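Take a look at the structure below.
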Amino acid sequence: MLGATGSIGTSTLDVIARHPERYRIHALTAHRSREPLLALCLVHRPAVAVLGDERDAAWLRSHLSEAGVATEVESGPAALVAVAEAGDVDVVMSAIVGAAGLLPTLAAVHAGKRVLLANKEALVMSGALFMEAVARSGATLLPIDSEHNAIYQCLPLEHRGGLGRHGVTQLLLTASGGPFRGWSPTALAEVTPDQACAHPNWSMGRKISVDSATLMNKGLELIEACWLFDARPEQVQVVVHPQSVIHSMAAYSDGSVIAQLGNPDMRTPIAYGLGWPDRIDAGVAALDLFQVARLDFEPPDEVAFPCLRLAREAMAAGGTSPAVLNAANEVAVAAFLDGRLSFTGIADLVARVLDTESLQSVCDLEAVLEADVRARRAASDWLAGH
Ligand code: NAD
Ligand code: MG
């Protein structure tokens, strides 16, 4: 469990706790949240726990040994990679937020694990390299992002080799529209971090909540869908669907549109990934269509929310552009959450960094990591000058 203390981590542990006969947890990781990780270790007693730095690790080690729990405690990025590729691990939940998830997720892929991918930033950054590694290692990649999990369920089981071959004409990626759907650009300029993190349908970590509010989340998901399903950007249509009951759809050449529906609860895609190819109980309430009553659809507003367009353009440009987009967005969102950048400043900053960073081709991971570092520096420099 990479990112065990987060929103996805907590939901995953909830599903796992319903099936004690099926799962044993090898490792739980977190970055700075040592108290929450201690609480999880006391309950789940993993073989290994990982924290970001050694001081927190020492603290956790002493508390666990006082409690008589024999969990080994490690720290730092190399320890994340080690648990992701450990020999006695079958399934890796990739639920670290942001670029920090890239190396451990790739390690799990290279080791041929079943990888449950929530950390979309890893795939956005390294797209082609990531998918080539999956094909080479024989890893099983199951999308946990609810939209991609829905599309996965709407496609034929063996869907690799291009959508056209299976008669799929379009992927319909649904979006709630976020908390500011219908707002004018002037009103958006005044949005506060707490407003941005109060999502109408989903409860999530702060970074993805802001991404959902700017529609950058949908932009990252568009890129994610292109890589996962071998689609071109123009084959992915974003459909705003405020109820978040249809989690996405696949349209076929005979006119059929297949959708996956459910209550907005991440335990459904998580249980799908854990149980696959079986279906297991997720603890999610049955969908009551009479209570839902209606399903609405509208096009996204790309004028008020330019991040979606920026992501589509970055995907079309290719090379290091998606990594630059992601890095600039991570810096911009952190600055917004810190009160150093306005809400509309997020898209402005991402656009500026995409304009100034030259596009490189991606021949290896080094190129991706370099583009990430350069884009972060460019974004931070711009913030420092304003
Ligand atoms: P979160 O902020 O709630 O949790 C993040 C986890 O990652 C925590 O355990 C944290 O300790 C760990 N972490 C943070 N920075 C780290 C670092 N530098 N190194 C190592 N570990 C670090 O985030 P979340 O909402 O659970 O989202 C996790 C990932 O899943 C994100 O990529 C997000 O886009 C994706 N996702 C989340 C949801 C959702 O409903 N929350 C839905 C779809 C996809
Ligand atoms: Mg999603």
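The numbers here are math on the coordinates, done by the rules we state, and not lab data. Note that the structure is a prediction, hence the values are computed from the model and not measured. So basically every Cβ, Gly included, is an ideal-geometry build from the backbone, and we count neighbours across all protein chains shown.
Observations on the structure shown:
- Enclosing the Cα atoms of segment 143-197 in their convex hull gives a volume equal to 123 cubic angstrom per residue.
- Derived from the Cα gyration tensor, the three semi-axes of the equivalent ellipsoid of segment 7-144 are 26, 16, 13 Å, largest first.
- Positive-end residue, segment 151-384 charge dipole about Cα centroid, Cβ charges, pick of T320, V350, L172: L172
- Whole-Hz ³J(HN,Hα) from phi, Karplus 6.51 cos²θ - 1.76 cosθ + 1.60, for segment 195-209, glycine and proline x: 5, 5, 8, 8, 7, x, 10, 10, 9, 9, x, 5, 5, 5, 5
- Anisotropy class of segment 151-384 from Cα gyration tensor, a/c 1.5 cut: oblate
- Residue by residue, segment 117-127 carries 3J(HN,Hα) couplings of 9, 9, 5, 5, 4, 4, 6, 4, 5, 10, x Hz when phi is fed to the Karplus relation 6.51 cos²θ - 1.76 cosθ + 1.60 (θ = phi - 60°); x denotes Gly or Pro.
- Which of A82, L129, T105, positive extreme of dipole for segment 50-141 (C-beta unit charges): L129
- The GluC sites (Glu not before Pro) of segment 121-171 that meet both conditions, a loop assignment by DSSP and at most 15 other Cβ atoms within 10 Å of the site Cβ, are E158.
- Listed residues L117, A311, G283: farthest to the positive end of the dipole of the chain (Cβ charges): G283
- All Cα-Cα distances of segment 104-182, cut into 10 Å bins from zero to the largest, leave 16, 43, 31, 9, 1 percent in each bin in turn.
- Evaluating 6.51 cos²θ - 1.76 cosθ + 1.60 at θ = phi - 60° for every residue in segment 54-68, the Karplus couplings come out as 5, 5, 5, 5, 4, 4, 5, 4, 5, 5, 5, 5, 4, 7, x Hz, glycine and proline recorded as x.
- For segment 170-236 and segment 83-113, distance of Cα centres in Å: 25
- Separation between Cα centres of segment 308-326 and segment 249-277, rounded to whole Å: 26
- At R0 = 56 Å, FRET efficiency that the Cβ-Cβ distance of R309 and R45 yields, to 0.05: 0.70
- Given charges at beta-carbon only (K, R positive; D, E negative), |dipole| of segment 7-144 in Debye: 280
- Kirkwood Rh, Cα atoms: Rg over Rh of segment 300-386: 0.97
- In this Cβ point-charge picture (+1 for Lys and Arg, -1 for Asp and Glu), the chain has a dipole of about 320 debye about its Cα centre.
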